[in-house]
Each structure stands twice: as C-alpha cells, then as structure tokens.
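Here the structure comes first, spelled out in structure tokens, and everything after it is commentary.
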Amino acid sequence: MSKGVPTTADKNIVDLSRSHRNKAVSKAVRTMRERLQSSHSGSPAFDRELLGMHVDSALQGAAVVPFMVLLAGGLGAYVSLAPWIYSWALLTLTVHSLNILLARHISKRDRATLAIKKWRRLLLLGQAGMGMCWAIFALQGCDSCTGDTFVLFKGAVLLIVLSVTAMANILLRGAVVFGFLPTVAALIYTTSATRAPLEAGLLGMFTIALVFFFFITLRLYQNNLKLLSFQSEKDDLIAELEVAKSLSDEARRRAEEANLAKSRFLASMSHELRTPLNAILGFSEVMATEVLGPLNNPLYKEYSDDIHRSGQHLLNLINEILDLSRIEAGKFELNEEAVSLLDLAEDCIGMVQLRAKGKSITIEEQFEQALPDVWADEKAIRQVILNLLSNAVKFTPQGGEVLVKAGWTAGGGQYVSIRDNGPGIPENEIPIVLSAFGQGSVAIKSAEQGTGLGLPIVQAILAKHGGEFKLKSKLREGTEVIAILPARRVLQSIPAFSETQAVQPRRRQFA
C-alpha cells in the first residue's frame with residue numbers, strides 16, 4: 001500500500017544534466033593558441049614572400065618619388081635660382097625609373113624560382129643610387145640666398161624624403177640605411193667645410209631621424225614577419241582540420257555501414273534464433289510439467305527445467321540486443337499516451353513481488369499523492385521501471401529491503417527512485433556498469449548474472465523521452481537509481497470553464 005510522503009527531501013532531485021567539455025579538443029586549442037602567441041624570429045622561408053610584397057608596394061607607389069622630386073626641384077629653383085637643380089632632378093628621376101623597371105622585371109618572374117639574395121642586392125643597390133642623388137642634393141648650397149633660408153629648405157626636404165622612403169621600404173631590410181648613409185656622409189662633409197651651427201643642427205637632426213626610422217622600420221618588418229608566420233600556421237591548422245574532417249567523415253561512413261550491416265544481421269538472425277527457441281521453450285515446458293505423462297527418471301524433469309530456463313534466458317538476451325540495436329539505429333519509435341507513473345510503479349512491484357518474497361526481500365513504497373499523468377510510451381516506461389526493480393531484487397541479499405519512491409523533481413518533472421541495501425557498486429565500476437554488456441565485479445561473482453544491457457536500455461529510453469538517468473552507489477551501503485522525466489512531459493489539468501450566458505446576436509436594421 002502506498003505511503004504519502006509530505007517531506008520535501010526528494011525535491012532536491014534536479015533533472016538538469018551537466019555538460020562536460022571535451023578536454024582533448026580544449027587542450028589542442030590551448031596549445032595552438034600558445035604556439036601562435038609565441039615569438040618568432042626571422043626565417044628565410046618568408047623572404048620570398050616579403051620580397052614580392054615589397055615589389056608590389058613599390059610598383060603601386062611609383063608616382064610618389066617623382067612627385068617629391070618635382071616639388072623639391074621647383075621649390076629649389078624658386079629659392080636659389082641655380083641651374084644645377086634641373087640636372088639633379090633629371091638624374092634622380094632617371095635612377096628612380098631604373099628602380100621601377102627593376103621592380104617590374106622582378107614582378108614578372110616566377111616567385112617560386114627567384115634568387116632572393118641576388119634580387120635583394122639589386123634592390124638595395126637601387127636604394128643606394130637614390131641615396132647618392134639625395135646626397136648630391138644635400139651637398140648643394142645657395143650663394144644668392146639670404147640668411148639660412150636654403151638650409152632650412154634643404155633640411156625640410158631631406159626629413160620628408162627620409163620619412164616617406166622609410167615607410168615605403170618597410171619590407172626591404174636595410175633599405176633606409178643603404179638609402180641615406182650617403183646623405184649623412186654629405187651632411188658631415190658640409191658641416192665640416194662650413195662649420196655653420198645650422199648645418200651641424202641639420203646633421204644631428206637628420207642622424208637622429210635616421211636612427212629612429214631605422215628602428216621603426218625594423219619593428220614593422222618583424223611585425224609583418226610575425227603576421228606571415230601566423231598566417232602560415234593558420235593555413236597549416238586549416239589543412240590539418242580538413243584532413244581530420246575527411247578522416248572523420250570516412251570513419252563515420254564506415255561506422256554507418258557497419259551499423260547497417262549489424263542491424264541486417266540481427267534482423268535476420270532474430271528470426272532464425274526465435275524459431276528454434278520457441279520449440280525448445282514449448283517442448284521443455286511440456287516435458288517439465290509432464291503433460292503427456294510422467295517421466296520415468298526424475299533427472300529428466302530437472303534437465304527439462306534447466307533447458308526451459310536457459311532458453312528463456314537466451315530469448316531475453318535476444319530481445320534486449322534487438323531493443324538496444326533499434327535504439328542505436330534510431331528505429332525506436334515512441335507510442336506516446338497519457339500514463340501514470342504511480343500505476344506503472346505499482347504494476348511493476350506486483351510483477352517482482354513473488355521473486356522478492358522468495359528471497360525474503362521487503363519492498364516499500366513512498367509515493368507522492370495526486371501525481372498527474374505524463375505523456376510517454378507506457379511500454380517503454382514500464383520496461384525502465386521493471387529493469388531497475390529486477391536489478392534491485394537480484395542484487396539485494398536475503399532479508400534485504402527495497403524502497404520505491406515516486407514524486408516531483410525540483411524542475412517540475414516526475415521521477416521514480418529505487419533504492420536497495422545491497423552490496424553496492426565501487427565508484428570506479430559505475431562507468432562500466434552503465435556501458436553496453438558491462439558488468440561490475442559484484443555481478444560477475446553473483447550467481448545471477450545478467451546480460452549487462454538493462455541499464456544502457458534504460459538510459460536510451462529515458463534519453464528518447466528527453467529525461468535523465470542517475471545512479472548513486474556506495475560500496476557495502478547500497479545503490480539508488482533514479483529515472484527522471486522532464487517537466488514538459490507532465491500533463492497539467494485545466495480547470496473547467498464556468499457556465500456563462502451566450503451573447504445575443506445584434507439584429508441588423510436596414511433602411
């Protein structure tokens with residue numbers, strides 16, 4: 001008889017599953033992140049790509065240098081009125097044109113077969129040629145100019161040219177040094193020859209600016225090198241992921257084919273096995289009950305009982321394997337209807353009561369009253385409760401106790417809990433017990449060994465209903481199993497509407 005349980009201790013059963021992160025995947029991602037964030041030194045592997053990027057940049061900005069030369073020449077001619085400025089502008093434009101032709105020649109060649117050192121030297125030689133042109137500009141003076149106007153003009157032009165050239169040649173190491181060391185030498189010569197304070201100030205300022213831009217371009221070059229390294233590692237990672245995905249797809253395809261072959265095998269073998277089993281069970285039962293007459297030897301009756309019991313065990317094994325196979329193949333369809341967990345639990349207790357009395361096991365019930373029905377498959381839920389009850393009775397010793405509880409969960413769902421005071425399960429064996437064909441050490445040593453498919457079938461059926469299965473056990477203290485159905489499966493009753501008078505339709509009037 002059911003006992004009402006007003007306490008709220010069972011309300012602590014929460015039907016929420018905790019998601020576990022894939023440790024292997026997170027470890028791989030963390031390792032790759034650390035690899036990408038680590039420092040990288042210059043590598044010859046990227047010199048070819050950096051050289052190609054520099055050539056492309058030089059071709060795109062080919063009009064910048066002519067613009068500065070024409071601007072400097074025009075302003076210089078206006079300030080100094082000296083004829084040398086035209087010759088210098090023509091020489092500088094010629095050298096720049098040769099550099100552009102060299103860059104265009106490199107861009108047309110196959111980058112995979114470029115001789116990096118050779119073409120890099122030619123590009124640096126071109127920068128040195130431009131540096132000689134600007135050194136010639138720095139050596140010039142102006143006799144007709146008053147005050148320090150030309151020195152200031154020359155210093156402004158050289159500083160602007162230095163900054164623009166440094167930014168345009170970031171990807172070519174040493175371009176700034178090769179391009180403006182001749183200019184520094186020219187300024188040193190001019191300062192030593194004139195000993196003018198303004199010339200000395202220009203020399204110091206230009207030298208400091210050259211050192212500054214050298215370090216700036218070096219840092220930018222290293223940053224570009226790191227970006228290329230990161231891009232290369234990202235491409236490698238993407239390639240590895242694509243290979244892993246293809247291998248995974250192939251493995252999944254093979255697994256699906258193997259699963260289909262297994263399902264076909266089980267479907268064909270089930271018929272082949274059931275046909276002789278039906279004959280074995282039927283004839284052994286006829287012989288054991290002596291329907292056609294007494295057996296002369298009493299051992300024959302005992303053998304008939306053994307044959308019938310073994311055949312029944314084999315039939316149950318085949319049924320459980322087929323059930324698990326249908327669930328894994330996604331062929332297990334739910335025939336849902338409104339069912340009562342209390343009624344199912346009482347029916348299952350009645351089915352195992354005879355076996356429990358044979359072992360002097362007491363089955364107690366603690367049900368919360370007035371539980372509404374749930375929307376579920378009655379046959380499947382009955383199988384869940386019966387499997388759990390059968391395990392509890394099987395592993396509970398003589399004179400033990402089994403407690404069956406049913407009620408509400410904290411999330412608004414319903415649960416059925418079965419607790420025994422048997423030998424319990426070691427903590428390290430719980431994953432084995434929950435796996436297919438897995439049996440703990442207690443079950444192996446027990447005289448009543450099962451197939452190891454009961455709990456996996458229970459988990460699969462509850463998962464099909466959107467529920468959850470929990471197993472709690474302590475060695476030498478007992479085991480508790482909990483089957484939980486979610487709140488969306490609970491059917492809430494709707495109160496009846498009170499009787500109201502119907503609204504009288506309004507009569508239409510026509511003019």
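The values are calculated or read from the model by the stated rules, or taken from the named source; none is laboratory data. All figures in this text were calculated on a predicted structure; none of them were measured in a lab. Every residue, glycine as well, gets a Cβ built from its backbone with ideal geometry; the counts of neighbours run over all protein chains shown. Protein only, heavy atoms only, side chains kept; ligands, DNA and RNA dropped before computing areas. Shrake-Rupley method; radii C 1.70, N 1.55, O 1.52, S 1.80 Å.
Remarks
- Of the criteria (1) open to solvent by 90 Å² or more (accessible area, probe 1.4 Å); (2) within 54 Å of the chain's Cα centre (by Cα); (3) at pLDDT 75 or above, which one Leu122 fails: (1)
- Among the residues listed as Ala58, Ala62, the single one being part of a helix (DSSP H, G or I) and open to solvent by less than 70 Å² (accessible area, probe 1.4 Å): Ala58
- Those residues of segment 154-181 which are open to solvent by less than 30 Å² (accessible area, probe 1.4 Å) and assigned to a helix (DSSP H, G or I), in sequence order: Lys154, Gly155, Val157, Leu158, Val161, Leu162, Thr165, Ala166, Ala175, Val176, Gly179, Phe180
- Of all residues in segment 325-347, those that are within 17 Å of Ala261 (Cα to Cα) and part of a loop (DSSP other than H, G, I, E, B) have Cβ atoms under 7 Å from Cβ atoms of residues that are at pLDDT below 90 and open to solvent by 40 Å² or more (accessible area, probe 1.4 Å), 6 or more apart or on another chain, in Ala329/Asn259.
- Flag if Glu364 is touching a Ser or Thr at 6+ places or on another chain (Cβ under 8 Å), farther than 24 Å from Asn319 by Cα and open to solvent by 60 Å² or more (accessible area, probe 1.4 Å): no
- Every test in (1) touching a helix residue (DSSP H, G or I) at 6+ places or on another chain (Cβ under 9 Å); (2) assigned to a helix (DSSP H, G or I); (3) closer than 30 Å to Ser390 by Cβ is passed by Glu272 save one, and that test is (1).
- Qualifying residue in segment 9-28 (condition: farther than 30 Å from Glu346 by Cβ and either modelled with pLDDT of 75 or more or touching a helix residue (DSSP H, G or I) at 6+ places or on another chain (Cβ under 9 Å) (or both)): no
- Residue list for segment 281-294, restricted to those being assigned to a helix (DSSP H, G or I) and surrounded by fewer than 17 Cβ atoms within 10 Å (Cβ to Cβ): Gly282, Phe283, Glu285, Val286
- Every pair of residues 6+ apart whose Cβ atoms lie under 7 Å, when the first sits in segment 205-218 and is farther than 11 Å from Leu159 by Cβ and touching a residue at least 60 places away in the same chain (Cβ under 8 Å) while the second is open to solvent by 70 Å² or more (accessible area, probe 1.4 Å) and not in a helix (DSSP H, G or I): none
- Matching option when the condition is of a type in the set (A, V, I, L, M), on the phi > 0 side of the Ramachandran plot and open to solvent by 20 Å² or more (accessible area, probe 1.4 Å), among Ala370, Ala436, Ala410, Ala338: Ala370
- Sole residue being modelled with pLDDT under 85 and open to solvent by 80 Å² or more (accessible area, probe 1.4 Å), chosen from Glu240, Glu199: Glu240
- Qualifying position, being open to solvent by less than 80 Å² (accessible area, probe 1.4 Å), under 30 Å from Ala261 (Cα atoms), in a helix (DSSP H, G or I) and touching a helix residue (DSSP H, G or I) at 6+ places or on another chain (Cβ under 9 Å), among Ala356, Ala380: Ala380
- Any hit, segment 221-235, residues being under 19 Å from Ala168 (Cα atoms), more than 31 Å from the chain's Cα centre (by Cα) and assigned to a helix (DSSP H, G or I): yes
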